[in-house]
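Worksheet: one structure, shown below.
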Amino acid sequence: MPRHAYVNGRYLPHGQAAVHIEDRGYQFADGVYEVVPVYKGILVDEGPHLDRLERSLGELRIPMPMSRAALKLVSHELMRRNDLSHGFLYMQVTRGVAPRDHKFPERAQPALVMTTRQTKPHSEKMLSEGLKVITVADIRWQRCDIKSTSLLPNVLAKQQAAEAGAYEAWQVDAEGRITEGSSTNAWIVTAEGKVVTRDASHAILNGITRLALIELIRKAGYGFEERAFTIDEAKAAREAFLTSSTSFALPVTRIDDTPVGNGHPGILFAKLRAHYMDYMAGLEETT
Ligand code: PDD
């Protein structure tokens, strides 16, 4: 069965799906996106992902390309056509097609593209050994809360990580505090056993996985703090991990060349990941 993509009103074979060369997403990265995980055929936290999409669009004054109900219909139809069970749905909305000019065009229609990708579960090795992250300067703009397709600093950071044999790059602000990874949120567990992640502000993307995990942490009654932490605190932490729609929760066992804790994935991490996997397994179709 050929894989399909949705492009501005049409379902097309993935290889033939294309947008106009004057799409403002292509020329200015004038657009936003969402990556929604698909677990056992169900879109995980579809509502919160759509809320964030709407918020990102609102911040950039791009209209919604269609109603939320219509967006849900298209996503579900694309998943059905692609027989997607595990992986993710990618949605991108740009300000549309217009002759190149920085200011907003008067008459552009927002452009909507959706694709899906089937993925394999994370390897046992990743979970049993944990991952390495490197630290890099956070050179992004001051509105990282908007899920913009303008991702050059993130691309450069992830490439630097890959070249250093690391899974992710944790970005560090001017005060030496970690903001987040290039495509993931950053977490530590302190010596006292408190789970810490940076507070949501313009400095980070407020991850949907992050929000779901915070809820689970609160329900389970673990100690938790939402605040910034420095590279030094992270390196001295008992445990570290990262979250995102494609990583769920993965253990971090090395930051630059420093092993985290005893160098093995932490006990609290394993509990939190189990909570999150149970949470996903318990989700039911909402539409
Ligand atoms: N990235 N921080 C950044 C900078 C991100 O790009 C992402 C997601 C996250 C985690 O957010 P969430 O839990 O909602 O996925 C944090 C997606 C997966 C990506 O760009 O592919």
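List the relative contact order of segment 4-118 as a percent without decimals, with contacts defined as Cα pairs under 8 Å and 6+ residues apart.
Values: 192 pairs, mean separation 43.4, N = 115.
For segment 4-118, the relative contact order is 38 percent.
Limiting things to C-alpha atoms, what are the Rg and the maximum Cα-Cα separation (Dmax) for segment 187-287, in angstroms?
Rg, Dmax (Cα atoms, Å): 13.6, 47.
Exceeding 20 Å between C-alpha atoms, which entries from my cross-link table qualify? They are Lys132/Lys158; Lys147/Lys235; Lys194/Lys271; Lys40/Lys147; Lys40/Lys120. Mind showing how you got there, number by number?
Values: Lys132/Lys158 12 Å; Lys147/Lys235 28 Å; Lys194/Lys271 14 Å; Lys40/Lys147 26 Å; Lys40/Lys120 12 Å.
Pairs exceeding the cut-off: Lys147/Lys235; Lys40/Lys147.
Quick one: Debye curve from the C-alpha atoms of the chain, no solvent, what's log10 I(q)/I(0) at q = 0.11 Å⁻¹?
Per q value, in the given order, log10 I(q)/I(0) is -0.67.
Measuring from centroid to centroid over Cα atoms, what is the spacing of segment 189-235 and segment 1-74 in Å?
Segment 189-235 and segment 1-74 have Cα centres separated by 29 Å.
Just how much of Asp256 is accessible, in Å², when a 1.4 Å probe is used and the result is rounded to the nearest 10?
That residue has around 40 Å² of solvent-accessible surface.
Calculate one ³J(HN,Hα) per residue across segment 181-192 by plugging θ = phi - 60° into the Karplus curve 6.51 cos²θ - 1.76 cosθ + 1.60, and present them in order as whole Hz with x for glycine and proline.
Working through the residues one at a time gives x, 5, 8, 8, 8, 10, 9, 9, 10, 6, 4, 7 Hz.
Mean-square fluctuation check for the chain, GNM, Cα pairs under 10 Å: which of Pro121, Pro65, Pro265 is largest?
Highest fluctuation among the options: Pro121.
For the chain, with all protein chains present and a 1.4 Å probe, just round the carbon and sulfur fraction of the accessible area to a whole percent.
53 percent
Whose amide H sits under 5 Å from the amide H of Ala5, counting only residues 5 or more places off or on another chain, with H placed in the peptide plane?
Residues meeting the amide H criterion: Leu12, His14.
Taking a ≥ b ≥ c as the square roots of the eigenvalues of the Cα gyration tensor of segment 1-157, is the shape rounded (a/c under 1.5), prolate (a/b larger than b/c) or oblate?
Values: a/c = 1.80, a/b = 1.16, b/c = 1.55.
It is oblate, given that a/c is not under 1.5 and a/b is not larger than b/c.
On a 0 to 90 degree scale, rounded to 10, what angle separates helix 208-220 from the longest Cα axis of the chain?
Tilt relative to the chain: about 40 degrees.
Given a Förster distance of 41 Å, report the FRET efficiency between Ala281 and Ser67 from their Cβ-Cβ distance, rounded to the nearest 0.05. Walk me through the intermediate numbers first.
Values: r = 30 Å, r/R0 = 0.73.
That pair, Ala281 with Ser67, gives E of 0.85.
Can you list residues from other chains, or at least 5 along the same chain, whose modelled amide H is less than 5 Å from the amide H of Val97?
Arg24, Gln109
Tell me, what ³J(HN,Hα) does each residue in segment 42-56 have, in order and in whole Hz, if you take phi through Karplus 6.51 cos²θ - 1.76 cosθ + 1.60 with θ = phi - 60° and put x for Gly and Pro?
10, 6, 7, 6, 4, x, x, 5, 5, 4, 5, 4, 5, 5, 4
Exposed loop sites here are trypsin sites (Lys or Arg not before Pro) in DSSP loop states with at most 12 other C-beta atoms within 10 Å. What is the longest stretch of the chain lacking them? Walk me through the intermediate numbers first.
Values: sites that count: Lys40, Arg61, Arg100, Lys103, Arg107, Arg227.
It works out to 108-226.
Please report the spacing between the Cα centers of segment 123-149 and segment 89-107 in Å, no decimals.
Segment 123-149 and segment 89-107 have Cα centres spaced 27 Å from each other.
The values are calculated or read from the model by the stated rules, or taken from the named source; none is laboratory data. Predicted, not measured: the structure shown is a model, and the values here were computed from it. Positions of Cβ are generated from backbone atoms using ideal geometry, with glycine treated the same way; all protein chains shown enter the neighbour counts. Calculation scope for accessible area: heavy atoms of the full protein, side chains included, ligands and nucleic acids excluded. Shrake-Rupley method; radii C 1.70, N 1.55, O 1.52, S 1.80 Å.
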